[in-house]
Amino acid sequence: MTFLLCRCGKTVGFLSSILVLIAAVLHYFAYPETIACPRMASNMRTLEEAFREKNKTCFVLGASGETGKQLLKELVDRKIFSKITLIGRRQLTFEDKAYESVIQEVVDFENLDNFASAFHGHDVGYCCLGTTKAKSGADGFVRVDHDYVLKSAELAKAGGCSHFVLESSAQADKTSAFLYTRVKGQVEADIQELKFERYSIFRPAVLLVDRQESRPAEWLARKFFAGCSYFSPGFMSIPVKYVAKAMVANTLNEEGKSAEILENKDIYNLGKCAE
């Protein structure tokens, strides 16, 4: 397996040198290279202090996933919420004592109505919940990425949540011919119908992250997109830490639109500025 990965790695490296040039040209015309950091991102500390004084609370769905882990770390480190609640199907363990104050609610996603209290009393809700067709099958994917997510949003709205933050996907479109992007687009639209005071949709492209499990195909893809990101940051991929940082920065900017969609380049710029 190691030999195969090495050979494949060289092949991907060669192809990347060609494809990255194409990506760079496309990126040059599609996106200006100057990153104009939003004014709010240049003064994160002031915004954090003002937000902290409001004594707000939040919940996080999908904290065991790659984005969820990074988001939770950002929230714990910045201490902008008086209470952080994780809602998931199992209890998570943390070695860092900084996580001791994090509350965990274990729920059955097949019977979420029985756990409505877990969604009550939160000002902000972050949803990083999701699976894949390969892992759960087509029906399982729809159930998790649409049904569980939508039901959670409904309970959050009923429980008083005013700002819902959804991690979706690049190319999300409810009319798409592809199951993945169609389901992502459909749940975006369905949640918008709930009329949250503020609704923020994040559409990241390929997430750059080193997963713990071994997935050769994903490993090769990450090598390729990491090369592309060097020349064209924010074009076809994004470091997962930037998604988390952008979510927090977006939350702190309470003058944001009532409904907003942040595409991959927007997320990259905001996350980079927030860092």
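The values are calculated or read from the model by the stated rules, or taken from the named source; none is laboratory data. Note that the structure is predicted; figures quoted are calculated from it, not measured. We place every Cβ from the backbone using ideal geometry, glycine too, and count neighbours over all the protein chains shown. What goes into the accessible areas is simple: the full protein's heavy atoms, side chains included, and nothing from ligands, DNA or RNA. Shrake-Rupley method; radii C 1.70, N 1.55, O 1.52, S 1.80 Å.
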I'd like the residue in region 165-181 that is open to solvent by less than 30 Å² (accessible area, probe 1.4 Å) and touching a residue at least 40 places away in the same chain (Cβ under 8 Å) and, out of all such residues, is nearest to the chain's Cα centre (by Cα).
Glu167
Limited to region 170-200, what total is found for residues that are among the small types (Gly, Ala, Ser) and closer than 24 Å to His122 by Cβ?
2
Return a yes/no flag: does region 184-205 have any residue that is open to solvent by 30 Å² or more (accessible area, probe 1.4 Å), modelled with pLDDT of 95 or more, over 29 Å from Leu252 (Cβ atoms) and not in a loop (DSSP other than H, G, I, E, B).
yes
Evaluate the following for Asp123: is it charged (D, E, K, R), touching a residue at least 40 places away in the same chain (Cβ under 8 Å) and closer than 26 Å to Glu193 by Cβ?
yes
Criterion (within 27 Å of Lys83 (Cβ to Cβ) and touching a Lys or Arg at 6+ places or on another chain (Cβ under 6 Å)) met by exactly one of Leu150, Leu112
Leu112
Selection within region 93-125 - open to solvent by less than 70 Å² (accessible area, probe 1.4 Å), in a loop (DSSP other than H, G, I, E, B) and under 15 Å from Thr57 (Cα atoms):
Val102, Gly121, His122, Asp123
